[in-house]
Amino acid sequence: MAKRTKTKPKPKTLGHNVRKTRKQQKFTVEQLARKVNMRVNYIEDIENDVITQVPADILFRIANALSTTIADLAELPVRVRQEGCL
């Protein structure tokens, strides 16, 4: 009998998270593109991981339009400052 190995789930990409969040907000790709003043195919390229190095200013505009943060879209860990600590 062959031994089954567990495969690790692939980490979610920025493009995946943009698409997921856009759909949760019930935006079409055209509506998001219009809202951030970008071409539809640029947003599609981000969502399809054709473009993976998104400039911070564009990422900020997309996050803002989707009522979220860059950290959430990029799944970045966020440090919480504890009270009394610097």
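The values are calculated or read from the model by the stated rules, or taken from the named source; none is laboratory data. Here the structure is a predicted model, which means the values were calculated and not measured. As a convention, Cβ positions derive from the backbone with ideal geometry for all residues, glycine included, and neighbour counts pool all protein chains shown.
Details
- Residue selected from the range 3-46 under the condition in a loop (DSSP other than H, G, I, E, B), basic (Lys, Arg) and within 21 Å of residue 75 (Cβ to Cβ), by the criterion modelled with the lowest pLDDT: 8
- Selection status of residue 68, outside any helix (DSSP H, G or I), of a type in the set (Val, Ile, Thr) and modelled with pLDDT under 95: no
- Residue check, residue 68 within 12 Å of the chain's Cα centre (by Cα), surrounded by fewer than 15 Cβ atoms within 10 Å (Cβ to Cβ) and not acidic (Asp, Glu): no
- When residues of the range 56-65 are limited to those that are in contact (Cβ under 8 Å) with a residue 12 or more places away in the chain and of a type in the set (Gly, Ala, Ser), the one surrounded by the most Cβ atoms within 10 Å (Cβ to Cβ): 65
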